[in-house]
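Trainee: Provided herewith is a single structure, encoded as structure tokens, for subsequent inquiry.
Just so it is clear, none of the values below were taken in a lab; they were calculated from the coordinates. For clarity, every value in this text was computed on a predicted model and none was experimentally measured. Cβ sites come from the backbone with ideal geometry, for glycine too, and all protein chains shown count toward neighbours.
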Amino acid sequence: MAMPASKSDAVIAMPQGAASASAVSSPVVTLTPPKRMTEPGKYAKNMREIAARVIPPLVVITLFLVIWELLCRKTGATLPPPSKVISDTKELILHPFFDNGGIDKGLFWHLSASLQRVALGYSLAALVGVGLGTLIGQSIWAMRGLDPIFQVLRTIPPLAWLPLALAAFRDGQPSAIFVIFITSIWPIIINTAVGIRNIPQDYRNVAAVVRLNPIEFFTKIMIPSAAPYIFTGLRIGIGLSWLAIIAAEMLIGGVGIGFFIWDAWNSSHMSEIILALFYVGIIGFILDRMIALLASVVTRGTATN
Amino acid sequence: MAPYLKLDHVDKSFTRGSQTTEVLKDINLSIEKGEYVSIIGHSGCGKSTMLNIVAGLTTATIGGVLLEGREVNSPGPDRAVVFQNHSLLPWLTVYDNVRLGVDKVFGKTKSRAERHQWTMHNLDLVQMGHAKDRRPSEVSGGMKQRVGIARALAMEPKVLLLDEPFGALDALTRAHLQDSVMALHQKLGNTIIMITHDVDEAVLLSDRIVMMTNGPSARIGEILDVPLPRPRKRLELASNATYLKCRQRVLEFLYERHRFVEAA
Ligand SMILES: Nc1ncnc2c1ncn2[C@@H]1O[C@H](COP(=O)(O)OP(=O)(O)O)[C@@H](O)[C@H]1O
Ligand SMILES: [Mg+2]
């Protein structure tokens, strides 16, 4: 572990101003000799913490790439080594925005088409899901009527809906959006319902004494109180959407990262598949983090009392 | 003249499945305007149930509640409640918790600026103006309860209902809040019903103490007048004969005649 040490050495040599700027927000250190000494000291401690988080995954990734390179370099290997992936896909990496018409487009356009479908289907699912979830959380009769049906429907795999959707809509685009919708809506409904059912009686009493009308009760009590649950559902939902869109696009064709992968497979462009998988993973990760971030902003203070 | 608030032959039973338990039996109580009435009784006898019936949060099985001669059977800001566990909405600031009620009650009669003033005025009454932008999780238990009181007061209730408002607080904080509530009652002249299980608290604060018999089918066992002049001073009362007599009377009721029997 020579790296973190050399990093912190470099930091101590840094100008005072830059170091103190971040020292302000760093946790208090108990060892406090003269002030001039502590600020770079804190900074070094900070850097060591960051290094502790960044270095292990870097080491693992490097190891993984080396092993992959060694295994796939041999003649007769079925998959390309990382070095070949990069040299094969250089054009795609460097020019994500090209557009030669049809489906011969840069990766940006494929990813953006997929994201648009997800955005539409998922937004619809969020709206309808929170609405239905509120209904079955609030009304015992709605729950008795709907819950058993939902429990069965939610176990149907996303792609099983696709043929039915294609038959109904007679077009790939709305069918893909429908598949996203129907995939991501169940966790949203179920978590919202649980959140609504768990609203403490005290909050209902407060609302009753103040005489909130049903709309005010919904926006001022139900939604904030159930928000942590709702966001759990939304976060599961966005993950499922991203899983489903890739599969759906492989079947419906057209512009989209799913069909891009399928097309690459048909033309035996293994390197392109690997690059696409990399992007799919990163974007799935970003989507998840976005919802998590939104949740932490919106539910600030809700969970604790 | 008809009393300000009247509980008229109130019975309450809860039915769970095929099992019905009678909690309250034939409760009759009249309260005058400006009066401070405490309800004392062993835990589980039905004090909260009784208060909730006045608040309209629970409906009586038989009988009803009359406020200024009119029956009340749904909750409303004219009978604001301070709940035992404060019940502040954790996602709102201290200010917004109070403002929520103010906006609902005075939305049509006061301007925006007046509602702001009124909210701040009530926070200042309970000495919480300085913490208006904090969230409930960021203030102490006693402070939360103060905000709960401010929220209720700000609705200008005809009757203020307090359900063991100081039950969860340490002794010092509790004494401090009792003094605050006493001062507020003196200043604003509210009609107050307070539930408590603390004998000293009941005697110190109340004009009358309603003593409940043990449940099930709890009744009002006795009503005691506390003829102590106001303003009352905690320290001076400690050796006051009337105070001690009242205290003795309540203790006797609770621990001699209606001793709490653990489910035998
Ligand atoms: N919603 C309810 N359903 C059934 N039983 C209840 C309900 N609320 C209260 N009870 C019962 O009524 C009795 C009185 O409760 P409560 O009024 O809370 O007592 P206290 O406030 O005096 O401690 C208890 O035995 C309690 O179990
Ligand atoms: Mg109670």
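Trainee: Partner chain Cβ atoms within 10 Å, averaged over the residues of A:268-276 - can you pull that number for me? Kindly include the intermediate steps, with their values, before the conclusion.
Mentor: On the way: counts 0, 0, 0, 0, 0, 0, 0, 0, 0.
Average per residue, whole number: 0.
Trainee: Continuing with the same structure: Using the Kyte-Doolittle scale, find the helices of chain A whose mean hydropathy is at least 1.0 and whose Cα atoms extend 30 Å or more along the helix's long axis, counting only whole DSSP H runs.
Mentor: Values: long enough: A:35-73 (55 Å, 0.41); A:107-138 (45 Å, 1.11); A:172-197 (38 Å, 1.32); A:223-252 (41 Å, 1.45); A:270-298 (42 Å, 2.01).
The answer, listed by residue number, is A:107-138, A:172-197, A:223-252, A:270-298.
Trainee: In terms of Cα to Cα distance under 22 Å, which lysines are near enough to A:LYS42, apart from those fewer than 8 places away along the same chain?
Mentor: Hits, sequence-local ones excluded: A:LYS7.
Trainee: If you take the square roots of the eigenvalues of the alpha-carbon gyration tensor of the stretch B:1-155 and sort them as a ≥ b ≥ c, do you get rounded (a/c under 1.5), prolate (a/b over b/c) or oblate? Write out the running numbers ahead of the final one.
Mentor: Values: a/c = 2.30, a/b = 1.67, b/c = 1.38.
The shape class here is prolate.
Trainee: Could you work out the Kirkwood radius for the stretch A:55-118, taking every pair of different alpha carbons, averaging 1/r and inverting it, reported in Å? Each step should come with its number before you reach the end.
Mentor: Numbers: mean 1/r = 0.0705 Å⁻¹.
In the stretch A:55-118 this quantity evaluates to 14.2 Å.
Trainee: Related question: In nm, give the distance between the simple-model label positions of B:SER111 and A:ASN198, each being 7 Å from the Cα along the Cα-to-Cβ direction.
Mentor: The modelled label-to-label distance comes out at 4.5 nm.
Trainee: If R₀ is 30 angstrom, what is the calculated FRET efficiency for the pair B:HIS130 and B:LEU188, using the beta carbon separation as r and rounding to 0.05? Provide the component values of the computation, followed by the final result.
Mentor: Values: r = 21 Å, r/R0 = 0.71.
Working from the Cβ atoms, E equals 0.90.
Trainee: How long, wide and thick is the protein assembly as shown, going by the Cα atoms along their three principal axes, in whole angstroms, largest first?
Mentor: Extents along the principal axes: 104, 74, 57 Å.
Trainee: Further question on the same structure: Roughly what would the spin-label model give for A:TRP141 and A:GLU91, points 7 Å off Cα along C-beta, in nm?
Mentor: 6.5
Trainee: If you keep only loop residues by DSSP, which trypsin sites (Lys or Arg not before Pro) in the stretch A:52-121 have at most 10 other Cβ atoms within 10 Å of their Cβ? Let's see the in-between values first.
Mentor: Values: sites: A:ARG53, A:ARG73, A:LYS74, A:LYS84, A:LYS90, A:LYS105, A:ARG117; in loops: A:LYS74.
Answer by residue number: A:LYS74.
Trainee: Given H placed 1.01 Å from N in the peptide plane, which residues other than close sequence neighbours of B:VAL23 have an amide H under 5 Å from its amide H?
Mentor: The answer is B:LYS12, B:SER13, B:PHE14, B:SER217.
Trainee: Here is a follow-up. Among the listed pairs B:LYS6/B:LYS104; B:LYS33/B:LYS245; A:LYS220/B:LYS33; B:LYS110/B:LYS187, which have their C-alpha atoms separated by more than 29 angstrom in this model?
Mentor: On the way: B:LYS6/B:LYS104 26 Å; B:LYS33/B:LYS245 26 Å; A:LYS220/B:LYS33 34 Å; B:LYS110/B:LYS187 23 Å.
Table pairs above 29 Å Cα-Cα are A:LYS220/B:LYS33.
Trainee: Between the stretch A:72-103 and the stretch A:178-194, how far is it from one alpha carbon centroid to the other, in angstrom?
Mentor: 37
Trainee: Same structure again: For helix B:141-154, what angle does its Cα long axis make with the longest principal axis of chain B, in degrees from 0 to 90 and rounded to 10?
Mentor: It works out to around 80 degrees.
Trainee: Moving to a separate point now. Give me the distance in nm between label points sitting 7 Å out from Cα along the Cα-to-Cβ direction at A:ILE55 and B:THR21, one decimal.
Mentor: Taking the two extended label points, one gets 6.3 nm.
Trainee: Moving to a separate point now. What does the C-alpha gyration tensor say about the overall shape of chain A? Classify as rounded when a/c is under 1.5, otherwise prolate if a/b is larger than b/c, or oblate. The partial results should precede the final answer.
Mentor: Working: a/c = 2.70, a/b = 1.10, b/c = 2.46.
Taking the square roots of the gyration eigenvalues as a ≥ b ≥ c, chain A is oblate.
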